[in-house]
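Working notes, structure below.
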Amino acid sequence: MGIPSFYRWLIDRYPRSVVEVIEDSPSFVNGVKIPVDTTKPNPNGFEFDNLYLDMNGIIHPCFHPEDMPMPETYDEVFRAVFKYLDRIFTVIRPRKLLYMAIDGVAPRAKMNQQRARRFRAAIDVTDETSQMERPRGDLEREGNNLGKQKLDSNVITPGTKFMELLSDALRYYIHWRTNHDPGWQTIKVILSDASVPGEGEHKIMSYIRLQRNLPGFDPNTRHCLYGLDADLIMLALATHEVHFSVLRESDIQKAPDNHKGPKWKRTGESGEALDDFISRQKFQFLNVWVLREYLEESLRIPDPSMKGDLERLIDDFVFMCLFVGNDFLPHVPSLEIAEGAIDLLMIVYKNEFVRMGGYLTDSFEVNLERVEHFVRALGTHENAIFRKRRQDQMRWKMHAGRVPANGNSGGKEIQIFLGDVNAKARFVEDRVNLGEEGWKERYYTEKFKALTDDDRQRVKRHAVLKYVEGICWFMHYYYQGVCSWQWFYPYHYAPFASDFDNLNELEVHFTLGKPFKPFNQLMGVLPAASAHALPLFYRKLMYDPSSPILDFYPTDFELDMNGKRRAWKAVCRLPFIDECRLLSEIAKVEHSLTDEEKWRNSLGMDKLYVHVSHPLASKILAFYERNKDNLKLSKAKVKRKIDPKLSGGMNGYVYLSDKAICPAVISSPSCDMEMIMENKVISVFYKFPPFHPHMPKPPDGVIMPGKFVSRHNILPPPNLWHEKTTVQSRFSRRPIPPKSVSGPRLAILAHQLVSGNYVSKQCEDMDGEGPRLAIFAHQLVSGNYVSKQCEDMDGEGGDHGKLGKRKCHAPDDNKKKKKKKKKQQQHHNKRRKLNRS
C-alpha cells in the first residue's frame, strides 16, 4: 500500500530525518571484479541486526521497469531480482536476520484497490499492443521490438505460475548465497512467499511485534526495512521501536509524481539496462528516531499545562494520516497532501487537543467521540479549501488551454485532454464542481447515485458508518494484525468531514473470518485480459457469455478524474465483487484442478534457512533425526520451540515436514544457473510466537540515541494552503529556517565568493573583466533579489536584527549613497591638491 506524496512532504518538513547511504565500492584485481566483503563493518557507522525486505518493491521494478525495455523472459526477471538483493544486502549487511516477505493473499479491504490497479494495467497493455496496428516503419524508428509478446505484470499476484517459479528461484538464491558468502553464513534467513497470507510489509510488522518483550529479545535491536511504499514509515512508527531505519532509493532518482517506481535509463537490451541501473542506484536512510524527535516538537500542545506523551502523539499522528487516503479507504474530499492536508491535520489537532478531551487513540482503540470533534473541526475548512481548489483548477486549465476562458468545459474537451488511455475506459465529466453552491448535494448525487434527499441522507449516513468502521479496522491492522479478512469499504468515495456526526451512536464489530484461497483472490482482482493466469475452467467464468458472474469482469468501465490532473490518479468505477456469488460459482469448478494446481491454490508457511555452522543448526538437525520417522511429518505437524539463546534472540517454532531439511544437491531454477553441490544449508518451516498484545511504547532497557534535532532545526508552521491569497502564493517561498543564509546575507556571500575566488584566479586573463563580474554579481543579487522580496521576507534571514534592518535597502538608496561618497572623494582630492600647491 502507499500514501501518495507523503514521503515528499516528510523530507520537506523534516529534512534531517533523511541521510544518504554510504557504500563501499567493489575492487578490481587484474580486471576481475572483487565483491564487497559483507563481513566487514558497515561504513555508515552502525551495524544493523535485522534487514526486512518488502519484496514487491523489488519484483515490480525488475518485472516492468519504467522507461526501459521489459524483460522478455521470467529468467531475466529472476536474475534482476537476484542482483537487486545482492545490492541491498551489501549496503545493510545484517548481523542476525534477513526477512524476505512477498505479498500473499490480502484482506478483502485491500483487494478492491488491487482490482482497480490490475484493470488499469490490462488497459495500459492493450493500449501499447494497439501500436502494432500502426505502420511498421514508425514503430521501428521508435525502437519498439516487433513480434515480441509483452509479459503481463498482473501475474505478480498470489496463485499464479509466475509466483510459484519466483519462490523456487528465491529458495535457490538463498541456498546459493548462504553456501558461498561468509556474510550470509552467520545469519538466519526467513522467506515468506506468496503462499503465506498477508501483505508483505504487514507480515514483517507481525514478526517485529510478536518478538518484542519475549525472553531473549534485545530492546536495542537495530532494524532496517526496505520498500518503496511511503506507508512503511507509518508502520515503522507504529512499532515504537526506536532504532529503526527505512531504506529506499534516493528521491532524486524518481520522476515527479511517478507512481510506478524509479526511472530507468533506456538502452537497447533489457538485461544490460537493468544491471546498469541496479549498479548505479543510490539509497537513502529515513531514520525513525530522528523523525520521532521532529514529531515531538511539531505536535507539542500549545497549552503549557499539558505535558504530551510522545508515544500517544505518534499513534495519533499515524491515525490522522489515514484521512489523506490509503489502500483501504479513499481520502476525505477536502484533504490532499499536495494542498497541505497533513499540516492542516496537525494544526487542527493541536488547537483542538484540550477541547476534544485529549488523545484520539489508545494503541489500536479509537475514541469516536473525540474523533467526531476532531473531524468536524476539519470540516470547518471545507468551503475555503474547495473554493481555493476551484480557483486553482480554473486558472490551471485556462493557462494550459484546456477550457474556454468562460469556464465551461464539455465532455469532448475532457476526452481530448485525458485521451491517453484505451477507449474502453471511458472518462466521465466531473459535474460536482466542489466550491460552487450546492456542491454537497451534487457530490452525493453524482458519486453515490443518490437522486433524492432521502437517498442522500441514507447514503451519507451509511458511508460515514462504513468509513468509521474503516478507520477502526485500519488501527487494528497496524497495531494488532488483521481483525477481519472479509471487511471492506463498499464505496469509491469518502464522505465529507462535515458529515461525521453522532459517531458515539455507532457500533463497530468485526468477525475475523479467513483469507481467500489464492485462486479465489485471482478471480476477485484480475480482469478477463489476464485470465491466462488461471486454470481453464476458472477462465471461462471471466469471459464466457453464459457465466453467472460475467458482470464482475467488465470490458468497458468509467474512469473519474475526480478533480485530479493525471490520468493514473483517476478513480476506477468498477463493480464491487459479491463474495457469496463468486465463491458459489468457483466451488462448482474447483474439482477440475490438477494436483499441481491444487498445490498452488493452498496456503503455505514461512521457511527458515541457516548454515550448518549456525548455533541453531545442530539443534534442528538433532530434532530432525529424532523425528524423521514420525507419521505427522507428511502434514508438517511436528514442531519445536526455538531457544532464543541459540537463535540470536528470535522466538517462535520450527516445523518439520517429510522433505529433507538439508539435501546434498539443490537443483537450478534455470538452465543457465549451476546446481548447488554439497549443500550445507538447512531449511525448515517457521511460525511466529503465540499472539500477545502489542505494547505501543519503547521496550524496557532501550538506550535512547542522542538528540539530533533542536528548536532551530524546526521549520516554522506553514501558512495553510487555502488561506493563502493570490499575492501570497505568487511570492511565497519555502519557510526559511533560523540561521539560514538568505536575503542580503546571501548577496554579500555571493559577492565574496565571486570576488575572492573567480577574480583572484582569473583577473589577469580576464583583463579587468573579473572585478566587473564580481560587482555585477553583487548588484544583481542584492539589487534584484533583495528589492523584490524585502517586503515578503520581512527580516526572516539568518540574523533577524541587523540583516532585517539592512534588508530593505533598495537599489535607489544605494545609488544615492555612492553619489554622496563620490562627491566627498572629489572634495577630498581638491583639498589635497591645494595643500600640495
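The values are calculated or read from the model by the stated rules, or taken from the named source; none is laboratory data. None of these values were measured; they are calculated from a predicted model. Note that each Cβ is placed from the backbone with ideal geometry, even for glycine, and that neighbours are counted across all protein chains shown.
Could you tell me whether region 524-543 includes any residue that is among the aromatic types (F, W, Y), under 28 Å from the mean Cα position of the chain (by Cα) and part of a helix (DSSP H, G or I)?
Step one: filter region 524-543 for residues among the aromatic types (F, W, Y), giving 537-538, 543.
Subset that is under 28 Å from the mean Cα position of the chain (by Cα): none.
No, every residue in region 524-543 fails to be among the aromatic types (F, W, Y), under 28 Å from the mean Cα position of the chain (by Cα) and part of a helix (DSSP H, G or I).
Restricting region 36-48 to residues that are touching a residue at least 60 places away in the same chain (Cβ under 8 Å) and more than 23 Å from the chain's Cα centre (by Cα), the residue that is surrounded by the fewest Cβ atoms within 10 Å (Cβ to Cβ) is F46. With the structure loaded, tell me whether D343 is surrounded by fewer than 17 Cβ atoms within 10 Å (Cβ to Cβ) and of a type outside the set (G, A, S) or whether it fails that test. Judged against the criteria, D343 is not a match. Evaluated against (1) of a type in the set (V, I, T); (2) more than 24 Å from the chain's Cα centre (by Cα); (3) modelled with pLDDT under 95, I278 falls short on exactly one condition, (2). In region 294-308, the qualifying residues are those that are within 22 Å of V242 (Cβ to Cβ) and in a loop (DSSP other than H, G, I, E, B), and the one that is nearest to the chain's Cα centre (by Cα) is L299.
Report, by residue number, each residue of region 544-598 that is assigned to a helix (DSSP H, G or I) and either of a type in the set (F, W, Y) or in the same structural domain as Y491 (by TED's automatic domain parsing) (or both). Those that are assigned to a helix (DSSP H, G or I) and either of a type in the set (F, W, Y) or in the same structural domain as Y491 (by TED's automatic domain parsing) (or both): F552, W568.
The residue that is modelled with the lowest pLDDT, counting only those in region 235-251 that are surrounded by fewer than 21 Cβ atoms within 10 Å (Cβ to Cβ) and farther than 12 Å from W289 by Cβ, is D251. For region 65-112, which positions are surrounded by fewer than 23 Cβ atoms within 10 Å (Cβ to Cβ), among the β-branched types (V, I, T) and modelled with pLDDT of 95 or more? V81, I88, T90 - these are the residues of region 65-112 that are surrounded by fewer than 23 Cβ atoms within 10 Å (Cβ to Cβ), among the β-branched types (V, I, T) and modelled with pLDDT of 95 or more. Screening K564 against (1) under 30 Å from A338 (Cα atoms); (2) touching a residue at least 40 places away in the same chain (Cβ under 8 Å) leaves a single unmet condition, (2). I need the full set of residues from region 493-513 which are loosely packed, with under 10 Cβ neighbours inside 10 Å and assigned to a loop (DSSP other than H, G, I, E, B), in order please. Answer for region 493-513, where residues must be loosely packed, with under 10 Cβ neighbours inside 10 Å and assigned to a loop (DSSP other than H, G, I, E, B): E507, H509, T511. Which count do you get for residues in region 199-222 that are more than 16 Å from H694 (Cβ to Cβ) and among the small types (G, A, S)? Looking only at that region, the number is 2.
Applying the selection to region 155-206, what residues are closer than 24 Å to P518 by Cβ and assigned to a strand (DSSP E or B)?
V189, I190, L191, S192
Of all residues in region 580-600, exactly one satisfies the criterion of being touching a Gly at 6+ places or on another chain (Cβ under 8 Å) and under 18 Å from K540 (Cα atoms), namely L582.
Condition check for D343 on (1) within 27 Å of H694 (Cβ to Cβ); (2) outside any loop (DSSP other than H, G, I, E, B); (3) of a type outside the set (A, V, I, L, M): one failure, at (1). In region 686-721, of all residues being at pLDDT 90 or above and not in a loop (DSSP other than H, G, I, E, B), the one that is surrounded by the most Cβ atoms within 10 Å (Cβ to Cβ) corresponds to Y686. L465 meets the conditions (1) at pLDDT below 95; (2) outside any loop (DSSP other than H, G, I, E, B) in every case but one. The failed one is (1). Every condition in (1) modelled with pLDDT of 95 or more; (2) under 25 Å from V428 (Cα atoms); (3) surrounded by fewer than 16 Cβ atoms within 10 Å (Cβ to Cβ) holds for D556 except the one numbered (1).
For beta carbons closer than 6 Å, sequence separation of 6+ or different chains, a first residue in region 590-610 that is more than 21 Å from G200 (Cα to Cα) and a second that is of a type in the set (D, E, K, R), the qualifying pairs are V610/K188.
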